[in-house]
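Shown next, in structure tokens, is the structure this report addresses.
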Amino acid sequence: MAPDQPPDPIAVALEVAAILERLGIPYLAVGSLASSIHGEPRSTNGIDLVADLEPRHVEGLLAALGDAYYVSPDAVREAVREGGTFNTIHLGTALKVDVFVAGRDPFDIERLKHRERVEIWSDPPGELYVDTAEHTVLRKLEWYRQGDEVSERQWGDVLGIVRAQGNRLDRARLTAWAGRLGVSDLLERVLSQAGEMS
């Protein structure tokens, strides 16, 4: 890409976000993209999105992705039906976009409700909805726990957010949802570690 254009992951994220917005599908960027915005930037080989996809959206989404993306229609339909996940691959860059269907997950519903509009590229301007810092911390702590608490990358992402955001973090929201998600002990540990490092 030309120097004045965003790098491939940002460009693909903006392109898919524009498709979802055009179709009226609420979404937010999560994962490493969100943690890079709220904490310490790092490279990513893929894009993670949460989207409130319903059966009525499926055909329009498949048509909009068109020939620029590889996607399995059956995988999309199953993910929408089950509240699961599907991926689509941008053929021009081979970047993968993982889409987590919000379904009836209370935490995903909460995340969509509080999503933030963020400018992630300035020239040309590019904006998309992103998970909050608090919700990014919580989901990454969940992933860290599910991965047997060995992923230095996930822990480093969380530490980076906590250190960068400092007192701007909504501690009450963090504490309440950490209890519901079963990661209160991890939250206490990361807050303590971030405080010791500051």
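No value in this document is a laboratory result; all are computed from the given coordinates. Given the structure is predicted, the values throughout are model-derived calculations rather than measurements. Cβ sites come from the backbone with ideal geometry, for glycine too, and all protein chains shown count toward neighbours.
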The chain: relative contact order in percent, alpha carbon pairs under 8 Å with at least 6 residues between | 22 percent
Please report SER35, SER43 as a ranked list, fewest other C-beta atoms within 10 angstrom at the top and most at the bottom.
-> SER43, SER35
Fluctuation leader among VAL80, VAL97, VAL118 - the chain, Gaussian network, Cα springs under 10 angstrom = VAL118
Filter the trypsin sites (Lys or Arg not before Pro) in the range 97-180 to those in DSSP coil with at most 12 other Cβ atoms within 10 Å of their Cβ, and list the result.
-> ARG104
Selection from PHE100, LEU187, GLY46 lying farthest towards where the dipole of the chain points positive, charges on Cβ = LEU187
Over the range 53-198, how many percent of alpha carbon pairs lie in each 5 Å bin up to the one with the longest distance?
-> 2, 8, 14, 17, 18, 16, 12, 9, 3, 1, 0
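How big is the dipole moment of the range 134-197 about its Cα centre under a simple scheme where the beta carbon of each Lys and Arg is +1, that of each Asp and Glu is -1, and everything else is neutral? Debye, nearest 20, please.
For this selection, approximately 260 debye.
How much of the DSSP bridge set in the chain is antiparallel, in percent, rounded to the nearest 5?
Antiparallel bridges make up about 75 percent of those DSSP assigns within the chain.
Magnitude of the Cβ-charge dipole of the chain, K/R +1 and D/E -1, about the Cα centre, nearest 20 debye? Don't jump to the answer; show the numbers that get you there.
On the way: 21 positive and 32 negative charges, 91 e Å.
For the chain, the charge dipole is close to 440 debye.
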Here D for the range 8-131, in µm²/s, from Stokes-Einstein with a Kirkwood Rh over Cα pairs at 4 °C and 1.567 mPa s, works out to 89 µm²/s
